[in-house]
Amino acid sequence: MADYDFDMGILGGGSAGLTVAAGAARLGAKTLLVEKEKELGGDCLHFGCVPSKTLIHTAHVYHLMKKAQEFGLPPVEVRPVNFREVVKRIQSVIQVIQKHDSEERFCGLGVKVEFGAPIFKDEHAIEANGKTVSAKNWVIATGSSAVPPPVPGLEQTPYITNRDLFSFDRLPASMIILGAGPIAAEMAQAFNRLGTRVSVIQRSGQILSNEDKDLADGVMEVLKAEGVQFYLNTAILSAKDLGAEREVVIQTKGEEPLSLKAERILAALGREANLKGLNLEGIGIPYDEKGLKLDARLRTNRKHIYGAGDVTGIYQFTHAAGYEGSIVISNAIFHLPRKVDYAFVPWCTYTDPELASIGMNEKRAKAAGVEYDLWVEEFKDNDRSLAEGEQVGRIKMLLDKKGKPIGVQVLGPRAGDLISEWVAALNGGIKPMTLASAVHPYPTLGEINKKVAGAYLSSKIFSERIKKGLRFFFNLRGRACGPT
Ligand SMILES: Cc1cc2nc3c(=O)[nH]c(=O)nc-3n(C[C@H](O)[C@H](O)[C@H](O)COP(=O)(O)OP(=O)(O)OC[C@H]3O[C@@H](n4cnc5c(N)ncnc54)[C@H](O)[C@@H]3O)c2cc1C
């Protein structure tokens, strides 16, 4: 049997790579982790989830300060944001989490960490920092990067991506965001709340295009009311550097071209897998800009080389990366042939209100030709929501023809947390009946989960047929008040 330096080699120390590294080493595999940057943690920690959610919270607090009177409080005199202070807070949160994702911690788990840019020499060996090392199995977990759209003039115009957003030395006065996906929507609201004038440009007629239109429109209406400008059904014609400002020329369907000017242009229109420069071509591993070509066990055409995280080009979320990391561990370390199953991968867009989803939504069900029944409850009927001044949003539960939940979407306060009950319900095959009969604490936002399941149950219990039966067997005598 060939003698390799390591049992497991991992390229990329982000969400997916760290999951595999920790799991493999703790199971006794001699593990190598190679990271191109100076620190571990990847996009999520440094330029993604962590800084964006920290910024979103800061913007939320600032927004609430301005609304103090709506809560019966004296008005608060809000001074303009010093973005350096905001950046300091973002960095302080990153530093705390960085300890968890540090070389020391991983070394403690038994992982050898190398910082450098690796290239494959052959299908078992890489070269990094002038050294060649081999491993029995490899995992490519090098993540993804924002790609600028092919707009004439954009390459000659300074634009920013998520890598630049969290280190400005002052708040931009204005920002044009190209794209209206989750990152664009979250950042549009956060920067707008902090005081940046934000315009969002979207080619199609809906923001958050994977979501049902009514829910995506719900998010857009809130952002619009707060001052974000949206240009839907709009093509980006060109971009230009005007010195102090940048210009983007757009054209909305049926209208004349329009020139928008802003201090910053944020490219948030799509992402490309970080696969160039690894010499995958040299070892015959196919990929395109979306990602690696993988089988259901996340193996490339070389069965000992796996892909996990954003390089799969499927769900670009940290929790999906973690899940895929666990699939790799099962296959490569336990030798248990485990396949990915994305049916119930949840996600959340952390706007205010949040928009979370699991399983089928109406759009996906219709596209797949799946018949469903829809049950809806509104947050304006949830006591806790009213107490907190949150009235926007609803839950949508999709049931198949046998009454089994196939998907849930929540638009509303803390939707990302509320969807967790559905993560358990859908993965555990729990019926609406069980959820509706389980006691939930009052008053909580989570009662909306029980209520939507209860609405379905009520339709079964309070039917004319049941009433007739009860009248017949137990001589119930009907209404005591109101029209009979
Ligand atoms: C602004 C923003 C907000 C986000 N918010 C959320 C959120 O709220 N929730 C959520 O679930 N997801 C969120 N995401 C997505 C999430 O960050 C990614 O899905 C996740 O980081 C993917 O993990 P990964 O391991 O594939 O990639 P990464 O975490 O990016 O890790 C890849 C690592 O590989 C390294 N690398 C790259 N090339 C090489 C190379 N050639 N050799 C060696 N190492 C290399 C990189 O430096 C990096 O450390 C957000 C993303 C962005 C941009």
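The values are calculated or read from the model by the stated rules, or taken from the named source; none is laboratory data. What you see is a predicted model, and the numbers here were worked out from it, not measured in a lab. Here the Cβ positions follow ideal geometry from the backbone for every residue, glycine too, while neighbour counts run over all protein chains shown.
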*Scan (1) part of a loop (DSSP other than H, G, I, E, B); (2) surrounded by 15 or more Cβ atoms within 10 Å (Cβ to Cβ) for the single condition G282 breaks and write down its number.*
(2)
*Quickly run through segment 292-309 and pick out the residues that are away from the ligand (no atom under 14 Å from the Cβ), over 21 Å from V147 (Cβ atoms) and assigned to a loop (DSSP other than H, G, I, E, B).*
D295, A296, R297, T300, N301, R302, K303, H304
*Evaluate the following for Q156: is it more than 26 Å from E85 (Cα to Cα), in contact with a helix residue (DSSP H, G or I) (Cβ under 6 Å, 6 or more places away or on another chain), of a type in the set (S, T, N, Q) and modelled with pLDDT of 95 or more?*
no
_Between a residue in segment 132-160 that is free of Cβ contacts under 8 Å to residues at least 12 places away in the same chain and any residue that is more than 10 Å from the ligand (Cβ to nearest atom), which pairs come within a Cβ distance under 8 Å, given they are 6 or more apart or on different chains?_
T132/K121; T132/A125; E155/P148
*Is segment 70-89 home to any residue that is small (G, A, S) and either assigned to a helix (DSSP H, G or I) or within 26 Å of D43 (Cα to Cα) (or both)?*
no
*Got a number for residues in segment 249-286 being of a type in the set (K, R) and away from the ligand (no atom under 14 Å from the Cβ)?*
3
*When you scan segment 3-46, how many residues do you find that are of a type outside the set (G, A, S), closer than 21 Å to H124 by Cα, within 13 Å of the ligand (Cβ to nearest atom) and out of contact with any helix residue (DSSP H, G or I) (no Cβ under 6 Å at 6 or more places or on another chain)?*
6
*Select the helices (runs of 4 or more DSSP H) contained entirely in segment 413-484, then report the ones holding at least 3 residues which are closer than 26 Å to Y350 by Cβ.*
415-428, 447-461
_Selected residue (only one of K213, K224, K253, K240 is in contact with a strand residue (DSSP E or B) (Cβ under 7 Å, 6 or more places away or on another chain) and closer than 27 Å to K366 by Cβ)_ = K224
_Just to verify a result, which residue in segment 319-344, among those that are within 20 Å of S357 (Cα to Cα) and crowded, with 22+ Cβ neighbours inside 10 Å, is farthest from the ligand (Cβ to nearest atom)?_
E324
*Pairs where the first residue, in segment 24-48, is within 14 Å of A141 (Cα to Cα) and the second is hydroxyl-bearing (S, T, Y), C-beta under 6 Å, 6+ apart*: G42/S15; C44/S15; C44/T318
*Test F106 against the stated conditions and say whether it is part of a helix (DSSP H, G or I), within 14 Å of the ligand (Cβ to nearest atom) and closer than 27 Å to I305 by Cβ.*
yes
*How many residues are out of contact with any helix residue (DSSP H, G or I) (no Cβ under 8 Å at 6 or more places or on another chain), within 22 Å of Y442 (Cβ to Cβ) and surrounded by 15 or more Cβ atoms within 10 Å (Cβ to Cβ) if we restrict to segment 356-404?*
2
_Name the single residue that is nearest to the ligand (Cβ to nearest atom) among those in segment 345-371 being more than 30 Å from A25 (Cβ to Cβ), part of a loop (DSSP other than H, G, I, E, B) and under 15 Å from the mean Cα position of the chain (by Cα)._
Y350
*Just one of (1) within 8 Å of the ligand (Cβ to nearest atom); (2) under 30 Å from E247 (Cβ atoms); (3) not hydroxyl-bearing (S, T, Y) trips up E289, so point out which.*
(1)
_Inter-residue pairs, beta-carbon under 7 Å, first closer than 23 Å to A436 by Cβ and in segment 460-484, second in a loop (DSSP other than H, G, I, E, B), 6+ apart_ = L470/L476
*Which numbered condition trips up E114, out of (1) among the acidic types (D, E); (2) within 11 Å of the ligand (Cβ to nearest atom); (3) touching a Ser or Thr at 6+ places or on another chain (Cβ under 9 Å)?*
(3)
